[in-house]
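Participant: Sending over a structure as structure tokens; questions will come in a sec.
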Amino acid sequence: MDECKRAKHRALYLLERCDRTEQELRTKLSRSYEPEIVEEAIRYVKQYGYIDDKRYALNYLKSRGQIKSRRQVEQELLYKKGISRDILEEASQETEAQDEGLLIRRWMEKKHFSPETATLEEQRRLYLFLMRRGFRSEDILREFKREDMES
């Protein structure tokens, strides 16, 4: 079997396991094959619709958007998954914006956090945790105050 055919089979095998972005597939294939063979394998799977970065971005935004901030999900798509800004913008317009306040409240509930009974250290710890998840400071503080008012 020639190298090009083997690369195509490898690409299909990798995509059979899980959906991947074009960049992820290119990276995996380039470990074993020359650049022109990799490009031929990418063209091959693209022509059959087995790889579609926009579809991948839409699915990723919907699934990861349930637990992470929109900003963090978008950063992952751009920098970890290799999705272009144009494709990300298209996918973002097609998906519903998540209620970040709701996601913050879910995290607060999951962490058994109550702003009115939490110490300053506990508030600081959860605040930093949520910031690392990509939530904006004003959203976090708004939810902390909201929980205080509701109690």
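Participant: Out of all the residues in segment 101-127, which are of a type outside the set (D, E, K, R), more than 20 Å from the chain's Cα centre (by Cα) and open to solvent by 40 Å² or more (accessible area, probe 1.4 Å)?
Facilitator: Of segment 101-127, the ones of a type outside the set (D, E, K, R) are 101-104, 107-108, 112-115, 117-120, 123, 126-127.
Within this subset, residues satisfying the condition of being more than 20 Å from the chain's Cα centre (by Cα) are 108, 112-115, 117-120, 123, 126-127.
Listed by number, the residues that qualify are HIS112, THR117, THR119, LEU120, GLN123, TYR127.
Participant: Considering segment 75-94 alone, what residues qualify as being within 17 Å of GLY134 (Cα to Cα) and at pLDDT below 90?
Facilitator: Correct list: SER92 only.
Participant: Failed condition for GLU40, given (1) within 30 Å of GLN98 (Cβ to Cβ); (2) open to solvent by 40 Å² or more (accessible area, probe 1.4 Å), with all others met?
Facilitator: The number of the failed condition is (1).
Participant: Between THR95, THR119, which is β-branched (Val, Ile, Thr) and under 22 Å from ASP19 (Cβ atoms)? Even if it seems obvious, please write down each step before you answer.
Facilitator: On the way: THR119 fails: under 22 Å from ASP19 (Cβ atoms).
On inspection, the qualifying residue turns out to be THR95.
Participant: Now a separate question. Do we find that TYR56 is open to solvent by less than 70 Å² (accessible area, probe 1.4 Å), aromatic (Phe, Trp, Tyr) and closer than 30 Å to GLY134 by Cβ in this structure? Working first, answer last.
Facilitator: Working: open to solvent by less than 70 Å² (accessible area, probe 1.4 Å): yes; aromatic (Phe, Trp, Tyr): yes; closer than 30 Å to GLY134 by Cβ: yes.
Taking the combined requirement at face value, the residue satisfies it.
Participant: Pick from ILE104, ILE42: which is in contact with a Lys or Arg (Cβ under 7 Å, 6 or more places away or on another chain) and either β-branched (Val, Ile, Thr) or farther than 27 Å from GLU143 by Cα (or both)?
Facilitator: On the way: ILE104 fails: in contact with a Lys or Arg (Cβ under 7 Å, 6 or more places away or on another chain).
Of the residues listed, the single one that is in contact with a Lys or Arg (Cβ under 7 Å, 6 or more places away or on another chain) and either β-branched (Val, Ile, Thr) or farther than 27 Å from GLU143 by Cα (or both) is ILE42.
Participant: Out of GLN93, GLN66, GLN98, I need the residue that is surrounded by 15 or more Cβ atoms within 10 Å (Cβ to Cβ) and out of contact with any Pro (no Cβ under 8 Å at 6 or more places or on another chain). Which one? Can you show your working first?
Facilitator: Values: GLN93 fails: surrounded by 15 or more Cβ atoms within 10 Å (Cβ to Cβ); GLN66 fails: surrounded by 15 or more Cβ atoms within 10 Å (Cβ to Cβ).
Only one candidate qualifies: GLN98.
The values are calculated or read from the model by the stated rules, or taken from the named source; none is laboratory data. The structure displayed is predicted, hence computed values, not measured ones. In this analysis, Cβ positions are derived from the backbone assuming ideal geometry, glycine residues included, and neighbour counts consider all displayed protein chains. These area figures cover heavy atoms from the full protein model, side chains too; ligands, DNA and RNA do not enter into them. Shrake-Rupley method; radii C 1.70, N 1.55, O 1.52, S 1.80 Å.
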